Amino acid sequence: MKVEQKGHTTTIKDTESTFDAFLEKLTTQYNSYKSVNLIIDVTHDKSFDLSCLKKFSDLSKTHKKNKKSFVIVAENVDFNNAPASLNIVPSLLEAQDIIEMEEIERDLGF
């Protein structure tokens, strides 16, 4: 797991051997990241699919309850079949844009 902090956002890149190992590590270390916006980058994991994506649902709900953004960057996922409750984008730039928009919405009270 590679972690990069930039301002109020933390980007976590999956460098584990399997997706399940990455998710377990992320879940056990979640308390370290619960107070910042999170970008989860799984673009290098070619085995990442819709079933893997759905495993982020609980973590995403928990993070959003803390009024922080949770965005997943994935390339080889059918975005039309992805759960609407998850923010999934194909690039890091789009993830940063989503976080900026959500920050503005929270500042305005939405």
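A short reminder: the numbers here are calculations on the coordinates, not readings from a lab. Worth saying up front: this structure is predicted, and the values here are computed from it rather than measured. Backbone-built Cβ (ideal geometry, glycine too); neighbour counts: all protein chains shown.
Laid out as a table, the results:
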read-out	value
Cβ-based net charge around Thr43, under 9 Å, with every Lys or Arg adding one and every Asp or Glu removing one	-3
Trypsin sites (Lys or Arg not before Pro) restricted to DSSP loop in the range 2-105 with at most 14 other C-beta within 10 Å	Lys34, Lys46, Lys55, Lys67
Mean separation of Cα contacts under 8 Å (6+ apart) over length of the chain, as relative contact order %	22 percent
Euclidean distance of C-alpha centroids, the range 49-110 and the range 7-23, integer Å	14 Å
Cα gyration tensor shape of the range 44-97, rounded if a/c is under 1.5, else prolate or oblate by comparing a/b with b/c	oblate
In degrees, nearest ten, helix 19-28 long axis to first principal axis of the chain (Cα)	40 degrees
All aspartates and glutamates inside 19 Å of Lys2 as judged from Cα atoms, apart from same-chain residues fewer than 8 positions distant	Asp14, Glu16, Asp20, Glu24, Asp41, Asp45, Glu75
Convex hull of the range 2-108 built on C-alpha atoms - directionally averaged projected area, nm²	6.3 nm²
